[in-house]
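A quick write-up on the structure given underneath.
The values are calculated or read from the model by the stated rules, or taken from the named source; none is laboratory data. From a predicted model like this one, the values you see are computed outputs, not experimental measurements. Positions of Cβ are generated from backbone atoms using ideal geometry, with glycine treated the same way; all protein chains shown enter the neighbour counts.
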């Protein structure tokens, strides 16, 4: 991640001063702990979706076609807000980038040539024109919040209890994951930015929704 900004703190809530005549067991011991985080997106690669075999030199001639990236054919890769829908090639969806900015057709042709006559690749070796980590996926903004209440219990206050409410992504803000699709090699499947998928360029996942938990801590 290129940029991350995080603010955190603790605030002892002054309920006992605001309600001086109230019962101390209810007004004392309240604390609030916020954590606000903003970050830019994770790196986003577009693979050519070639798989390594013992007999495939690949378009780069190095025997690792699985490392070849797609070719970028537009000068700039336009990105969009995943909350709104875009239409490309007759498909409407929550696109994050223009899928027409990339192609693998020349790389597939070179890969086929390499498997039959690797010498014909001389002067054409390529890893794809799209660089590694060439652009970034969607960013993220999140607020976590904890509300805690301390109690002193029993004789001589020997038992210290804390009742704590934790809320992660307290506003249930939609934070989007990288536009990934499932691709399967001969022996495994994994989520990648799959240029062969009908959902290529679309955001299909969100990051953690709001989660709330309640806990009781006892110290004695």
Criterion violated by residue 123 - all others in (1) in a loop (DSSP other than H, G, I, E, B); (2) within 15 Å of residue 65 (Cα to Cα) satisfied: (2)
Filtering segment 64-77 down to residues that are surrounded by fewer than 16 Cβ atoms within 10 Å (Cβ to Cβ) and either touching a helix residue (DSSP H, G or I) at 6+ places or on another chain (Cβ under 7 Å) or in a loop (DSSP other than H, G, I, E, B) (or both) yields 64, 73, 74, 75, 76
Could you list, in sequence order, all residues of segment 16-48 that are surrounded by fewer than 16 Cβ atoms within 10 Å (Cβ to Cβ) and part of a helix (DSSP H, G or I)? 17, 18, 24, 25, 26
Considering 90, 123, which residue is surrounded by fewer than 17 Cβ atoms within 10 Å (Cβ to Cβ), out of contact with any strand residue (DSSP E or B) (no Cβ under 9 Å at 6 or more places or on another chain) and closer than 30 Å to residue 207 by Cα? 90
Mind checking whether some residue in segment 41-54 is modelled with pLDDT under 90 and farther than 16 Å from residue 192 by Cβ? yes
Being part of a helix (DSSP H, G or I) and at pLDDT below 90, is that true of even one residue in segment 102-112? no
Restricting to segment 59-97, give me the number of residues that are under 22 Å from the mean Cα position of the chain (by Cα) and either farther than 17 Å from residue 131 by Cβ or free of Cβ contacts under 8 Å to residues at least 24 places away in the same chain (or both). 12
Tally up the residues in segment 1-14 that are exposed (fewer than 15 other Cβ atoms within 10 Å of the Cβ) and outside any strand (DSSP E or B), please. 6
